1. Any chance you could check segment A:74-110 for residues losing 50 Å² or more of accessible area when the partner protein chains are in, compared with the chain on its own (1.4 Å probe)?
2. Calculate, for chain A, the solvent-accessible area per residue in square angstrom, rolling a 1.4 angstrom probe over the heavy atoms of the protein chains.
3. Return a whole-number percent for the relative contact order of chain B, with Cα pairs under 8 Å and 6 or more residues apart as the contact set.
4. How long is segment B:46-94 along each principal axis, judged by its Cα atoms, biggest number first, in Å?
5. Could you estimate the translational diffusion coefficient of segment A:53-110 from the Stokes-Einstein equation, with Rh from the Kirkwood formula over C-alpha pairs, at 20 °C and 1.002 mPa s, in whole µm²/s?
6. Using only Cα atoms, what is the ratio of the radius of gyration of chain B to 2.2 N^0.38 Å?
7. With Kirkwood's inverse mean 1/r over C-alpha pairs for Rh, give me the Rg to Rh ratio of chain A, two decimals please.
8. What's the carbon and sulfur percent of segment A:38-83's accessible surface, probe 1.4 angstrom, rounded to a whole number?
Amino acid sequence: NAGVTQTPKFQVLKTGQSMTLQCAQDMNHNSMYWYRQDPGMGLRLIYYSASEGTTDKGEVPNGYNVSRLNKREFSLRLESAAPSQTSVYFCASLEVSQAFFGQGTRLTVV
Amino acid sequence: KNQVEQSPQSLIILEGKNCTLQCNYTVSPFSNLRWYKQDTGRGPVSLTIMTFSENTKSNGRYTATLDADTKQSSLHITASQLSDSASYICVVSAIDDYKLSFGAGTTVTVRA
């Protein structure tokens, strides 16, 4: 039972490049989330998916897009990376208010 | 707007000592409150959950309290160990809301 798996763990992008962060969960949870974590700030919600086939914007959605590919997978895409998107990104799935997090992706945009 | 405030931002304690972390929230209608532990370079992991009717809950050396009237919670760490060095995050859920409200966390450093 792997829980929530994120890839990659580390990534360096040049400004303007695009990339997709992958997330998969094997706990059969309906709800999945993407957060970013910056120093001195709490986790901020980028996008979430309450169930397969639905996605909604969170607190900081600008510059990101998401796809809920199926019940297991929820990907986050940066179409044109900016230095302000340098952060640690966490994917999570939710069961009865308990969030299960992936290991995180440390993204640096130069 | 639902908010969660934690204090202190960071603290340093000697191994074997106790410490208490604070969490104040304005989330409404309140469903539950969880404390998460986040080790460096890892995702947060749930330590405890407190619902409206619960005042105290323990998980080993971690004891969480909740005062739903004043909207305050605390996390007490007893006889700290080096492995307790981590960030502790207070997370509050509202009823019928898929989104969680996160505090900024308290970074605890335990020194030998």
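The values are calculated or read from the model by the stated rules, or taken from the named source; none is laboratory data. Bear in mind the structure is a predicted one, so any value in this text is a computation, not a measurement. Note: ideal-geometry Cβ built from the backbone for every residue, glycine included; neighbour counts use all protein chains shown. Remember, those area values only see protein heavy atoms, side chains included, never the ligands or the DNA or RNA. Shrake-Rupley method; radii C 1.70, N 1.55, O 1.52, S 1.80 Å.
1. A:97, A:98, A:101, A:103
2. Details: 5090 Å² over 110 residues.
Using a 1.4 Å probe on heavy atoms only, each residue of chain A averages 46 Å².
3. Normalised by residue count, the contact order of chain B is 37 percent.
4. 34, 17, 16
5. 166
6. Working: Rg = 13.4 Å, N = 112, 2.2 N^0.38 = 13.2 Å.
That ratio works out to 1.02.
7. 0.94
8. 44
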